[in-house]
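Have a look at the structure below before the remarks.
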């Protein structure tokens, strides 16, 4: 791993309220640990969040008929969880689709900083983490998915990890293995 970045996906109030147990028991403590390690190692940290506007101009077409959507600007649901809040020098990328790459500056930010490896964490490994991983894979990044720092929403986490590993040949590691990689 030459030049890694830590990617933290959708650690927001809406998703916490939707599924609090895995956030409390696994995601928050483990992501806090890797966040501390990444900050100590001085590697770039990028928080990717979901946020939609009230005018529906950035909503996916399939949801235009709805009156509400998750992570709507100005609501509590859009807020990043306090335990993993970005520091002033950390980047926040706002997405409006499932992938952190779709119609955002994420790829440009990574290329400008010569990032070649992504350490990926967050929610949900069967939706936004999956779509972001797929787009990162298609762009040629080396991928490290931190198994104890992701959780699935609609399938088992194990199924989502098996699928992503099969599809992208990413390296499935733990948060403690990440610390070893950063020390090398």
(request) Give the span of the range 1-91's Cα atoms along each principal axis, as three whole-Å numbers ordered largest to smallest. (result) 46, 29, 23
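By how many nm would the segment from residue 73 to residue 113 grow when fully extended, if each residue of separation counts as 0.36 nm and the alpha-carbon distance is taken off?
Working: separation 40, 0.36 × 40 = 14.40 nm, distance 2.89 nm.
Here the segment from residue 73 to residue 113 would lengthen by 11.5 nm.
Tell me, Kirkwood radius of the range 92-145 from alpha-carbon pair distances, in Å? Could you put the intermediate results ahead of the total?
Details: mean 1/r = 0.0893 Å⁻¹.
So the Kirkwood estimate lands at 11.2 Å.
In the range 4-183, what percentage of the DSSP-assigned beta bridges are antiparallel, given to the nearest 5?
Working: 1 of 26 bridges.
In the range 4-183, DSSP labels about 5 percent of beta bridges as antiparallel.
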(request) Give the dimensionless ratio obtained when the Cα radius of gyration of the range 92-184 is divided by 2.2 N^0.38 Å. (result) 1.04
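Would you mind getting me the FRET efficiency between residue 85 and residue 61? Use the beta-carbon distance for r and R0 = 30 Å, nearest 0.05.
On the way: r = 32 Å, r/R0 = 1.07.
E between residue 85 and residue 61, to the nearest 0.05, is 0.40.
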(message) Under a crude label model (7 Å from the Cα following the beta-carbon direction), how far is residue 19 from residue 166 in nanometres?
(response) 1.9 nm
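Using just the helices of the chain, give the 222 nm mean residue ellipticity in deg cm²/dmol: DSSP H runs with n ≥ 4 each add -39,500 (n - 2.57), and the total is spread over all residues, rounded to 500.
Details: 6 runs with 59 residues, N = 184.
Per the formula, -9500 deg cm²/dmol.
I need the Kirkwood Rh of the chain: take the reciprocal of the average 1/r across all distinct C-alpha pairs and report it in angstrom. If you can, show how the numbers build up before the last one.
Values: mean 1/r = 0.0608 Å⁻¹.
The Cα-based Kirkwood calculation yields 16.4 Å.
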(request) Would you please put 132-138, 22-28, 62-68, 87-93 in order of how densely packed they are, using the mean number of other Cβ atoms within 10 angstrom per residue and starting with the highest? (result) 132-138, 22-28, 87-93, 62-68
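So if each residue of separation counts as 0.36 nm, and I subtract the Cα-Cα distance between residue 36 and residue 159, what length gain in nm does that give?
Numbers: separation 123, 0.36 × 123 = 44.28 nm, distance 2.83 nm.
That works out to 41.4 nm of additional length.
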(request) Compare the peptides 143-149, 154-160, 29-35 by average per-residue count of other Cβ atoms within 10 angstrom and give them in order, highest first. (result) 143-149, 29-35, 154-160
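Since every read-out is calculated from the coordinates, none of them should be taken as a lab result. Source: prediction; values computed, not measured. Note that we place each Cβ from the backbone using ideal geometry, even for glycine, and neighbour counts take in every protein chain shown.
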